[in-house]
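Heads up: the structure comes next, in structure tokens.
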Amino acid sequence: MKVERASIPDVLVLEPKVFGDARGFFMETWNARTFENLGIAANFVQDNHSRSAKNVLRGLHYQLPQPQGKLVRVTTGEIWDVAVDLRRSSPTFGQWAGIRLSAASPRLLWIPPGFAHGFVTLSEQAEVLYKTTDFYVPEHERIVLWNDPALAIRWPIAGEPVMTDKDRRGKPFAEAQTYA
């Protein structure tokens with residue numbers, strides 16, 4: 001598996017080996033031993049699958065006190081995926097990394113616990129699958145405002161995204177609860 005560090009070194013872009021022939025392809029997207037050798041000791045407890053139309057923005061979501069590490073991949077379409085470091089003890093606290101993921105590429109994104117996560121759909125439709133290291137607990141969900149000028153995330157969309165009222169009411173970064 002190829003590994004590339006994002007602009008935040010703890011966020012990893014992973015590219016599994018793809019074995020293809022006339023029948024199609026095969027790739028291994030998760031192997032505990034391989035990930036441990038990469039320094040990722042993740043115990044995944046939940047798989048999520050979303051489908052979104054063009055310009056749908058989901059995020060920036062995180063949980064307190066149950067942070068979730070996420071392994072993200074796209075099976076249909078294309079997204080711009082964003083991770084924001086909310087770990088006060090980190091040298092990259094308050095910084096973000098943005099990665100283009102698509103079904104045309106086998107790349108996966110590892111977002112460790114302690115980050116807010118969001119994405120916007122760039123194609124007409126996208127399906128995103130992600131594994132999490134902790135369970136979703138609605139009362140622990142927090143949201144950082146997607147367009148907070150303090151973060152200055154460069155979302156590659158024109159105009160207003162399609163999103164839930166809950167996501168529109170996210171807190172500015174300065175007011176967001178963060179991790180130690």
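Observations on the model:
- Peptides 40-51, 88-99, 103-114 ordered by average Cβ neighbours within 10 Å, highest first: 103-114, 88-99, 40-51
- The stretch 19-55 and the stretch 148-166 have their alpha-carbon centroids 27 Å apart.
- Among Lys54, Lys70, Lys166, residue whose mean-square fluctuation peaks in a GNM of the chain (springs only between Cα atoms under 10 Å): Lys166
- Beta bridges by DSSP in the stretch 2-175, antiparallel share as percent, to the nearest 5: 95
- Shape class of the stretch 2-175 from the Cα gyration tensor (axes a ≥ b ≥ c, square roots of the eigenvalues): oblate, since a/c reaches 1.5 or more and a/b does not exceed b/c.
- 20 Å cut-off, amide nitrogen to a point 7 angstrom out along Glu139 Cα→Cβ, residues in the stretch 48-70: 62-68
- Between Asp47 and Gln177, the modelled labels are 3.1 nm apart [label points 7 Å from Cα along Cα→Cβ].
Just so you know, all these numbers are worked out from the coordinates, no wet-lab data involved. Fair warning: this is a prediction, and the values are worked out from it, not measured in the lab. Positions of Cβ are generated from backbone atoms using ideal geometry, with glycine treated the same way; all protein chains shown enter the neighbour counts.
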